[in-house]
1. Let me spell out the model: positive unit charges on the Cβ of Lys and Arg, negative unit charges on the Cβ of Asp and Glu, origin at the Cα centre of the range 520-631. What dipole size does that give, in debye rounded to 20?
2. Suppose we flag GluC sites (Glu not before Pro) only when DSSP calls them loop and at most 11 other Cβ atoms lie within 10 Å. Which is the longest uninterrupted stretch of the chain?
3. I'd like the Karplus ³J(HN,Hα) series for the range 464-473: coefficients 6.51, -1.76, 1.60, θ = phi - 60°, whole numbers in Hz, and an x wherever there's a Gly or Pro.
4. Please state the relative contact order of the chain as a whole percent: Cα pairs under 8 Å, 6+ residues apart?
5. What lysines sit close enough to Lys623 to cross-link, taking a C-alpha to C-alpha distance under 22 Å and skipping anything fewer than 8 places away on the same chain?
6. Gap in Å between the Cα centre of the range 615-636 and the Cα centre of the range 330-349?
7. Alpha carbon centre of the range 539-561 versus the range 376-425: separation in Å?
8. Residue by residue through the range 416-427, what is 3J(HN,Hα) from phi via Karplus (6.51 cos²θ - 1.76 cosθ + 1.60, θ = phi - 60°)? Round to whole Hz and write x for glycine and proline.
Amino acid sequence: MYSQGATRVPPPGSGGTFPPQQQRQQEGENEGEGETNGRRKLIDDSTKMVFGPKTTLYFFEKDVKRNRIKKTELDTLLNGFHYYEPVASTGWKYQDLGNIGTASKPVFYQAPKMIGTSSGFSAYDLYYHSPDSIKYYDTKSPYTKMALFFGGGNRNMMDLEFARNVTPNWNVGFNLHTIRATKTLNPSRRDDHGAVQNSYSFQTSYKSDNEKYFLLANFSRMRHQVAEQGGIIPPDVDSTSLYFTYEDAKVWLRNSQAVDLRQDYHLYHEYELLKGWQVYHVFDKRKQDVTFKSALNSADGAFFDLYNPDRFNRQDSTIIFNNFSEWRNEAGFKGDLGLLYYNAFVKFRTGRMESNYFVNPNGFDELSLGGALRGDLNEKWSFEAEGEYLLPGAFRIHGLFVSPYLEASYTKALYKPTSMQELYRGNHHRWSNSFSNIGLDQIQGVIKADFKRWSIRPNLTINRVNNYVFFNENQQATQASGEAFMLIPGIKTSFNAGGKLFWETEAYYTLITGGGADNFRIPEIFVNSRIYFDSPLFDENLFVQIGLEGRYRSEHFAEAYNPAMQQFHLQDRFSNVEGYPVVDFFLNARINRTRILLRYNHVNSNLLSVPGYFVTPDFTGLKGTFDVGISWPLFD
């Protein structure tokens, strides 16, 4: 489980990540392109412009900061194209409520990226395009990409990207993302949306003519609105309520709504004072507004009467508003000394959490020092070390070793609980805590054995977590008194026959011990597997990938979801989450530069002893549904 991302093992003999046919798709994308006097040839012999994926490159800020900019050609590959919705794109490593746009959390424990104070409202992180995920472009022509996903049951998404170079050194662009997902449980009409999202971002990059000054900036905004349902009413509460009736299911809530509004201003710029030595500055201004509203004098009140009977503020309704805002400034220097890269910085964050029931805002000021060191011995061998110390008592150190045969990393951290875990004033829950910092030791490793026709990569993750903060069975923020030890061996394999038939699998086994073991609800067995045919057809005018994939998680007491707090919490009443093999059919195709996906979810629906499965207590997974998607880029 060294990298808990989407399933993909480098196929045998490819030397890269994708099957040989998939590599040919991209390599043959723009035939006739060449280099003339050090410049890429943009006009073929008939004077026809040949702008395309190879003349539209993108890069990320993290690589600029690390002095190893990698400009990447646009992805026109088919592998994984049918993983369009966010949960699927993670390799199904998130638990959600069974529909696009619903609250979600990682299946496996994840080491935090930030050791300082965060809001704690992360249920919709998966759907937010944060500043560090923004792509910056270098284009030879205007670039536009439209992608549409039409999910069965009216679960729809749209992505629009645009970028162009105003001058050779200045690029501008924007992104637009929407979600319109009709409820999978008890919709009252076709457009009875369970989730509605509108998000957009603008980005720009600029480099001075003498290449000493480099600027990257972006603005991101998301408004994510969810019609909370509370799940299916259990049959032992209402004998007329049945599971696996989907559109006819009886749900708890019909007059409750949650909104997560996020907005980020981000700036990174650097200046080269001396050859190979730069100073830089990073600025962030962020806010997150989280709202929940429910009419307790309607039928929705029965849900809260059963699960959250307390009324601290109002009897007729629940209206909770939380605003988290922060400013961040980081300044430092970096450079290259032979094969070594080095970096040192100072960072200051200030922010606060406000709520409609707070007497005073819960503010914080944080000062930290840090640095990094990297050695690139050659293209295949490297090491990294980085650290940050947050005054007075939090820190993170991380080391990474990479070779052709082995990758290994070690992380040790002491990080702060979230603002929401420390102080919360809701209508049904309230607390004031002073928790200790949470401790983590993590070791990860993967052995890479890649051969001509097969690849096998055993991996291992070991976590030791102490003072863990979680939400208990009473939905209260609690700090564990005991440590939790996680041993997670895994394996990723890939086999191919004739370079056209592929079988890929990833599997993990999780063993958790220690006094804090029960605070982590991770399935003991986690498996993804797929078999597919991948080949060009009709003289390589059509590329096709067609196959079946399955996934299985062992049955376990998965965490339940509290809509008022927008948090997952422990529960011991519902044991049969997952424990069911799900099989999907998929077809990916590419004609010229246009990609198309067809997918039938849950083809084994109603074929086993039970008609379906649960992804979260009282929330069923998708029934058999048919999805269609299309993506096409334009380069002029």
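1. Here the size comes out at about 200 debye.
2. Between the exposed loop sites, the longest stretch runs 380-636.
3. Taking θ as phi minus 60°, the curve returns 10, 10, 10, 6, 5, 9, 8, 9, 7, 5 Hz for the range 464-473.
4. Values: 1695 pairs, mean separation 81.5, N = 636.
Contact order relative to length: 13 percent.
5. Once the sequence-local lysines are set aside, what remains near Lys623 is Lys93, Lys105, Lys183, Lys250.
6. After rounding, the separation between the Cα centres reads 42 Å.
7. So the two Cα centres are separated by 31 Å.
8. 7, x, 6, 4, 5, 6, 7, 9, 8, 9, x, 7
The values are calculated or read from the model by the stated rules, or taken from the named source; none is laboratory data. Computed from a predicted structure; not experimentally measured. We place every Cβ from the backbone using ideal geometry, glycine too, and count neighbours over all the protein chains shown. To get the accessible areas, we keep the full protein, side chains included, count just its heavy atoms, and leave off ligands, DNA and RNA. Shrake-Rupley method; radii C 1.70, N 1.55, O 1.52, S 1.80 Å.
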